[in-house]
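Note sheet for the following structure.
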Amino acid sequence: MDWGAIKNQTQVRLRLMKKSLLAVAIPAILATQAQAVELYNDGKSTLTLGGHITVMVDDKSGDAELNDGTSRINLAFDTQLGNGFTGYGKVEQAVNLVESGDGFKSRLGYVGVKHDDYGSLTMGKQWGVFYDAEVVTDYPFAFYADHGGIYSFGADGGESGMGRADKAVVYRNGFDLGNAGALEYGLQWQGTNGAFDDRFGGSLAYLIGDFRFATAYYGGDVNEEVYGIAKGESVDGTAFSVAYGTWGKGFYAAATYSLVDNTEAGYRFVGEGEGFESTVAYGTENGHIFHAGYRFMDSKDVIQELGRKYSEEDFIFGVAKSLTNRMQTFVEYRISMGDDTGSAIGVSDNAFAIGLRYYL
């Protein structure tokens, strides 16, 4: 028996597992990055262009109109540093295609170092560890997932650090457990920033077969009254999730449950809340994706201006079709069953969206 060959194969498998662990935390991002165009490659350093442009007709506002569908353009780079280390980073800008004004806005901007054994360390504006647990349901094209505290304060979760975290330092790594599966984990820190004190958190996920189980916590205190939150109050959340399969490839199912405190301030309500998201999808070999999902966000206490608890509850279903390997068309419909819808407190409306997406 050639033990040397077996050892080499095992080491290769471990390295591949490590690479997959570092990537699996943000599959929604990688779904677009997989379409990236290589602009430069000298054998040591690469530069790629990625993102997508999306336009859609929807009636989320009550009237049908043409809107941008979270279009973005990004540049990603990596360079070999030697001894197994790689320097890498990404700059991503949101692009509004349908009207003038704020045409460009920063979505991501980070730089870091990674190693197959020692993990990755990144600094800048980037997806936080809380999203590691919530990402598994964030796939709809028009009615994106925002019922778990990710996009806090009605923005991108940058200040809270629970979405695309501002000024964040994130470390990620993972372990191959052989036939028992694999573990991945992340740690995150943000320093004092304006009204917010230091924030800390982490994520942990267990992968076995086609299943992924994850949990995450992130939060900190506020230094002064902001968004109706009193000084000294916390802004934090705990999330749990389970997922099976791969989006767009056969059967996929996922669910998340979160307990949050003040993440919805300035957007939905101040105080404690609980959120739930679920999605079931099936991707066919000819490029169709059929999907449906149920989600809610409720306040734990009575909201003073409402005289009742906040209650948002949606059922979403849709279908997407790949026209080429770079272009998709999609149709989605939202049925609102609660009393409220996002920032529109006291309003619950059904809505549709139909659009086109082109991956760069």
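All of the numbers you see were taken from the coordinates with simple rules; none came from a lab. Predicted model only: the values in this text are computed from it and were never measured. Here the Cβ is made from the backbone with ideal geometry for all residues, glycine too, and neighbour counts use every protein chain on show.
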Practice task
Would you please give the FRET efficiency between ALA64 and TYR244, computed as 1/(1 + (r/R0)^6) with r the Cβ-Cβ distance and R0 = 45 Å, to the nearest 0.05?
Solution key: 0.80
Exercise for the section: Could you check which residue among ASP340, ASP63, ASP301 shows the biggest mean-square fluctuation in a GNM of the chain with a 10 Å Cα cutoff? Expected result: ASP63
Problem - Backbone N within segment 113-150 under 20 Å of label point (7 Å from LEU183 Cα along the Cβ vector) - result: 115-121, 129-134
Exercise for the section: Restrict the search to segment 53-118; then list the GluC sites (Glu not before Pro) that DSSP places in a loop and that have at most 10 other Cβ atoms within 10 Å of their Cβ. Expected result: GLU99
Problem - Pairwise FRET efficiency - TYR282 versus GLN35, Cβ, R0 = 25 Å, nearest 0.05 - result: 0.70
Practice task
Over 19 Å between C-alpha atoms is what I'm after, so list which of LYS60/LYS249; LYS90/LYS167; LYS90/LYS125 land there.
Solution key: LYS60/LYS249
Practice task
State, as an integer percentage, the relative contact order of the chain based on alpha-carbon contacts under 8 Å between residues 6 or more apart.
Solution key: 13
Handout entry: Euclidean distance between Cα centres, segment 276-348 to segment 141-176, Å
Key = 18
Practice task
Compute the acute angle (0 to 90°) between the alpha-carbon long axis of helix 3-24 and the principal axis of greatest extent of the alpha-carbon atoms of the chain; round to the nearest 10°.
Solution key: 20
Problem - Inter-label distance, nm, simple model (7 Å from Cα along the C-beta direction), ASP301/VAL57 - result: 4.6
Completion exercise
Of VAL319, VAL169, VAL37, the most mobile residue in a GNM of the chain (C-alpha springs, cutoff 10 Å) is VAL37
